[in-house]
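Accompanying notes for the structure given below.
No lab work stands behind these numbers, since they all come straight from the coordinates. All figures in this text were calculated on a predicted structure; none of them were measured in a lab. Cβ coordinates were reconstructed from backbone atoms using ideal geometry, including for glycine residues, and neighbour counts include every protein chain displayed.
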Amino acid sequence: MVTERRRPVLMVECQWADAPLDRGVRYPAERFPTAEAWQVSATGQKDSLAPIGVRVAACVGAAPYPGVSRPAGNALGRRFGPTTMPLG
């Protein structure tokens, strides 16, 4: 959770694979509806918006693991080289 002046502005829940919306992001998203909320997965394929406003997406460009391909960008459309990873 990222806060600004003690108020949540961004919430991110990380999963290995596609999974149902986790309560770790669902509860705070309901409590703080003005904050941006994401559930990302390293190997998933989903890209949708949950009814409570949580974006569910694959984390494109995650660190490579055996058997997992590495696309040329991330979920925000930013591109990076084969040896560099974005920090934010």
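Quick notes
- Extreme residue, nearest to the chain's Cα centre (by Cα), among residues of segment 34-52 that are surrounded by 11 or more Cβ atoms within 10 Å (Cβ to Cβ) and in a loop (DSSP other than H, G, I, E, B): ALA42
- Filtered residues of segment 12-33 (kept if free of Cβ contacts under 8 Å to residues at least 40 places away in the same chain, of a type in the set (A, V, I, L, M, F, W, C) and part of a strand (DSSP E or B)): VAL12
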